[in-house]
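The values are calculated or read from the model by the stated rules, or taken from the named source; none is laboratory data. In this text, all values refer to a predicted model and were calculated from it rather than measured experimentally. Cβ atoms come from the backbone with ideal geometry, glycine included; neighbour counts cover every protein chain shown. Accessible surface areas use protein heavy atoms only, side chains included; no ligands, DNA or RNA. Shrake-Rupley method; radii C 1.70, N 1.55, O 1.52, S 1.80 Å.
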Amino acid sequence: MNKWEENIREVEPYVPGEQPQEKDVIKLNTNENPYPPSPKVFEAHRGMEIGRFALYPDPCATELVHALEDYYGLDRGQVFVGVGSDDVLSLAFLTFFNSGKPILFPDVTYSFYPVWAQVYRIPYECPPLDAHFRICPEDYQRENGGVVIANPNAPTSIGMPLDQLEEIIQTNQDVIVIVDEAYVDFGGDTALPLLDRYENLLIVRTYSKSRSLAGMRIGFAMGSKRLIQALTSVKESINSYTMTMESICLGTASLEDEGYFRSCLDKIITTRDRIKAELEKRGFICLDSLTNFLFVRHKERSGEHLFNELRKKKIFVRHFGGERIREYLRISIGTEEQMDRLLEALDEI
Ligand SMILES: *Cc1c(COP(=O)(O)O)cnc(C)c1O
């Protein structure tokens, strides 16, 4: 080993779901939206002046930030945008978790949290979910350096009622509590009504799941002006121009079509509930989902077996190796046709 290698930051990176490049696969492994973005987004894209790409974009992404503040009924200075919510979450870890005390998040949750904690050298502890994969608010009443809760949680798909979430925030007013609401549009309880009461609450959202814009990389945080200001200062100390002109323009256009947004959500929720019942008929145990995916286990077949057999049939779902969840599959909700193909494939298997 070279001497200089001792000083390289060692990290074990997050492993995202596969992005197969063939065209004829059914992709139910990364919780993307199966429907295209709103026609308003197409229109806005056609109207973009490509000549302007010679210039840097607005470093504050003002148009998008103001549109989000208006959409959610917040004041100016309460929204921060980033390159997907992964960027926003990563910056939030860097900005807010500096006490040296362990931050807390559940043992089964978004597997990027431990990776950011490690890369930024933030100590962390993971209170276990209960036997039904529910978060126990009592576990978050010990001394800590911050709390991160995905609600609804991933990959379990389970939502936490707002009173329980508030209990966690209320008992943690000396630290920042991050609530990752990547899936909340599919039926979860949002923590937005709590923003007025808790200055230490940061809500993080993404365009990648409910808004059909994973490819544009847009995420945002909502919180008190103090928190947004702190995030902005750290971001401006790393990279001024993160949001491209395209993401600012198309992210804004997406908010102008509430009808289309709601109709896509309704379709996905209807399909989710139908497929849950169909899977249960076939011997699967499905957790109660408030997301655009189902977290399921078969009574007789192993998670790994089903994952591999589906893969052979070019149907990609997600399988995690973690001890408590290795018998489970996480299946994103696709179109009705895609989900029918999934059922057929499972019947063949
Ligand atoms: C998908 C996801 C994200 C990240 O989404 P981006 O595409 O980076 O916006 C964050 N948190 C959870 C729980 C997710 O499932």
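Numerical summary
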| item | result |
| --- | --- |
| Cα-only Debye scattering, the chain: base-10 log of I(q)/I(0) at q = 0.09, 0.13, 0.14 Å⁻¹ | -0.51, -1.08, -1.23 |
| Derived scalar couplings ³J(HN,Hα) [the range 139-151; Karplus, 6.51 cos²θ - 1.76 cosθ + 1.60; whole Hz; x for Gly, Pro] | 5, 9, 9, 9, 4, 7, x, x, 9, 10, 10, 8, 9 |
| GluC sites (Glu not before Pro) within the range 295-342, DSSP loop, no more than 14 other Cβ atoms inside 10 Å | Glu300 |
| Spin-label model distance (nm) - Arg46 vs Glu309, 7 Å beyond Cα toward Cβ | 4.7 |
| Set of lysines near Lys281 by C-alpha distance (under 19 Å), chain-local residues within fewer than 8 positions excluded | Lys299 |
| Prolate/oblate/rounded label for the range 106-182 (Cα gyration tensor, a/c 1.5) | oblate |
| Charged-residue dipole, Cβ positions (Lys, Arg, Asp, Glu), the chain about Cα centre, Debye nearest 20 | 640 |
| Ranked order, Ser237, Ser247 - accessible area, probe 1.4 Å, largest first | Ser237, Ser247 |
| Rounded FRET efficiency, nearest 0.05, which uses the C-beta distance separating Gln170 from Glu256 and R0 of 25 Å | 0.10 |
| DSSP beta bridge pairing in the chain, given as percent antiparallel to the nearest 5 | 60 |
| In nm, spacing of pseudo-spin labels at Asp196 and Gln229 (7 Å Cα→C-beta vector) | 2.2 |
| Total formal charge among the other residues, if their Cβ is under 11 angstrom from that of Ile248, Lys/Arg +1 and Asp/Glu -1 | -3 |
| Sequence-separation-based contact order of the chain, relative, with Cα cut under 8 Å and 6+ spacing, percent | 23 |
| Area of Arg226 that stays accessible when all protein chains are in place (1.4 Å probe, Å², to 10) | 140 |
| For the range 161-314, the fraction of alpha-carbon pairs in successive 5 Å shells from zero, as % | 1, 7, 12, 14, 16, 15, 13, 10, 7, 3, 1 |
| Per-residue HN-Hα couplings for the range 51-58 [Karplus 6.51, -1.76, 1.60; θ = phi - 60°; Hz; x = Gly/Pro] | x, 5, 5, 5, 9, 5, x, 5 |
| Shape category assigned to the range 149-241 from the gyration tensor of Cα positions, a/c cut at 1.5 | oblate |
| Net charge contributed by nearby residues that have their C-beta within less than 12 Å of Lys209 (K/R +1, D/E -1) | -2 |
| Amide H contacts of His298 (H built 1.01 Å from N, under 5 Å, at least 5 apart or other chain) | Ile285 |
| Neighbour cut-off at most 16 other Cβ (10 Å), DSSP loop, chymotrypsin sites (Phe, Trp or Tyr not before Pro), the range 232-331 | Tyr241 |
| Calculated FRET efficiency for the pair Gln118/Lys3, C-beta based, R₀ 25 Å, to 0.05 | 0.60 |
| Tensor-based shape of the range 78-120 (alpha-carbon gyration tensor, a/c under 1.5 rounded, otherwise prolate or oblate) | oblate |
| Square roots of five times the Cα gyration tensor eigenvalues for the range 253-336, Å | 27, 14, 12 |
| 5 Å-binned pair-distance histogram of the range 206-255 (Cα, whole percent) | 4, 18, 24, 21, 21, 11, 0 |
| Amide H contacts of Ala182 (H built 1.01 Å from N, under 5 Å, at least 5 apart or other chain) | Asn151 |
| Residues with amide H under 5 Å from that of Ile103, placed H, sequence gap 5 or more | Tyr124, Glu125, Gly145 |
| R0 of 51 Å, Cβ-Cβ distance Glu348-Arg324: FRET efficiency to nearest 0.05 | 0.95 |
| Among the listed pairs Lys27/Lys101; Lys101/Lys276; Lys23/Lys209; Lys209/Lys276; Lys27/Lys225, those beyond 31 Å (Cα-Cα) | Lys27/Lys101; Lys101/Lys276; Lys27/Lys225 |
| Highest-MSF residue in the chain out of Ala67, Ala154, Ala92 [GNM, Cα springs under 10 Å] | Ala67 |
| Gain upon complete extension [Asp340, Glu236; 0.36 nm per residue less C-alpha separation] | 32.7 nm |
| Cα centroid separation, the range 32-77 to the range 179-251 (Å) | 14 |
| ³J(HN,Hα) computed for each position of the range 324-336 - Karplus, 6.51 cos²θ - 1.76 cosθ + 1.60, integer Hz, glycine/proline x | 6, 10, 6, 8, 9, 10, 9, 10, 5, 7, x, 6, 3 |
